[in-house]
Amino acid sequence: MKKAVGFSLFLLLLSTVFLLVLASGNTDPFLHFLNVTPIESLLSATDQAKLLETYADEFAFLNQKHGNTIRSIDESAIKLIQAEASAVAIEGNGLAFAALLEEIGALRFARAVTMFNSNGAPVGGGASPLRVRPDQFEVRNAVRTTVVPYGALKAQHDIDVTVGVTYAQSVTADIDVEAGEILKGYKITASVSASVSGSISGPTDFTEVKSGVYATHRAGYGVLFGRIERYTYDLYYTYTGELHSHNEIISIRDQNAEYYTFLVSYGAPTYLQHARYTTCYTFSSKQACITSVSHHPETYIN
């Protein structure tokens, strides 16, 4: 009888802790752990060495560009990789930065599952990252899939500079994706924000958007790059073995922002010239143009 009472009390305490986690807003301790644990705590020395060898050309390019600063794969190195992946997605140079990010993302997820289920013990040794009640849940049936490959995901219209304003203006564009927003056909689970700075000036007089049509403005847009991943996994109570929840997360990963400008002629119709080429696109109105560029930036910058 005492054992039954003791076990019931334990379950009550476990439920109380879980309710406190809910109240704090941290409803998914594994996702929190995945998001806050730095990559260098997840990747083993073997993982690091294999990536540095497999993508030797990519790291050589980065070291040449940034002064031999990369000796390991940490969060600062990943930022540099993300910037190059955005450039390659548009211009291409034969280097596989997007594939490198994909492999790092797969390793991050797999190693996070292992570490989470081993009470936060790091893969390569060292101090354990903190998380709420590391013995409360364990992850099972974890699957990670990239559903949208690395590329331009969304643009945000920033500013229009009129013809004749030829001095460069420094600007900053913010690109936001809200939780629940549909992006590339997928409902995003958590919000994402990115900012990018750029420079923009208006077109000179009689600059043509297309033959016989003169630009009225130069339009600036911040463009969000990244991958969209799907995670599915089950959270089980460690002590009871009971299922707590089945989880599906649609997440933007490896986000990076770049600034692009376009020659435009606003009116009905409105004309916009490709950011890199002389190809011209026609829209029924200014708003139709902004909406199309915002939803499909890859069309106008690739």
Check: Which residues, taken from the range 257-286, are among the polar types (S, T, N, Q) and more than 14 Å from Glu298 (Cβ to Cβ)?
Finding: Thr261, Ser265, Thr270, Gln273, Thr278, Thr282, Ser284, Ser285
Item checked: Glu229 vs. criteria modelled with pLDDT of 95 or more and either exposed (fewer than 15 other Cβ atoms within 10 Å of the Cβ) or over 30 Å from Glu102 (Cα atoms) (or both) -> no
Margin query: Suppose the filter is in a strand (DSSP E or B) and among the hydrophobic types (A, V, I, L, M, F, W, C); does Val165 pass it?
Written below: no
Notebook entry, point to check: How many residues are within 11 Å of Ala219 (Cβ to Cβ) and not in a helix (DSSP H, G or I) when one looks only at the range 285-302?
Noted result: 0
Item checked: Among (1) touching a His at 6+ places or on another chain (Cβ under 7 Å); (2) without any contact (Cβ under 8 Å) to a residue 40 or more places away in the chain - the single one Ser191 does not satisfy -> (1)
Check: In the range 262-288, how many are more than 19 Å from Glu91 (Cα to Cα) and either free of Cβ contacts under 8 Å to residues at least 40 places away in the same chain or out of contact with any strand residue (DSSP E or B) (no Cβ under 7 Å at 6 or more places or on another chain) (or both)?
Finding: 12
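Anything in the range 94-135 that is at pLDDT below 80 and not small (Gly, Ala, Ser)? List them, or say none. Quick ask: steps written out before the conclusion?
Residues of the range 94-135 at pLDDT below 80: 119-135.
Scanning the range 94-135 gives Asn119, Pro122, Val123, Pro129, Leu130, Arg131, Val132, Arg133, Pro134, Asp135.
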Note to self: What's the number of the only condition in (1) crowded, with 21+ Cβ neighbours inside 10 Å; (2) more than 15 Å from Ile290 (Cβ to Cβ); (3) not charged (D, E, K, R) that Gly241 fails to meet?
What the structure shows: (1)
Note to self: From the list Val223, Val264, Val171, Val213, exactly one residue is over 30 Å from Ala99 (Cα atoms), surrounded by 21 or more Cβ atoms within 10 Å (Cβ to Cβ), assigned by TED's automatic domain parsing to the domain that holds Ala142 and among the aliphatic types (A, V, I, L, M). Which is it?
What the structure shows: Val264
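Thr189 - would you say it is under 14 Å from the mean Cα position of the chain (by Cα) and in a loop (DSSP other than H, G, I, E, B)? Step through it out loud before you land on a result.
Working: under 14 Å from the mean Cα position of the chain (by Cα): yes; in a loop (DSSP other than H, G, I, E, B): yes.
So Thr189 fits the description; yes.
Residue by residue, here is whether (1) in contact with a Lys or Arg (Cβ under 8 Å, 6 or more places away or on another chain); (2) without any contact (Cβ under 8 Å) to a residue 24 or more places away in the chain; (3) under 25 Å from Ala112 (Cα atoms) holds:
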| residue | (1), (2), (3) |
| --- | --- |
| Val161 | yes, no, no |
| Gly164 | no, no, no |
| Ile182 | no, yes, no |
| Thr204 | no, no, no |
Notebook entry, point to check: Given the structure, is Asp205 touching a His at 6+ places or on another chain (Cβ under 9 Å), farther than 30 Å from Asn247 by Cα and in the same structural domain as Gly226 (by TED's automatic domain parsing)?
Noted result: no
Note to self: Being among the polar types (S, T, N, Q), over 17 Å from Gln82 (Cα atoms) and either touching a Pro at 6+ places or on another chain (Cβ under 8 Å) or modelled with pLDDT under 95 (or both) is the filter here; which residues of the range 49-68 pass it?
What the structure shows: Asn68
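The values are calculated or read from the model by the stated rules, or taken from the named source; none is laboratory data. Everything numeric here is computed off the predicted structure, so don't read it as measured data. Please note: Cβ atoms are built from the backbone with ideal geometry, for glycine as well, and neighbour counts cover all protein chains shown.
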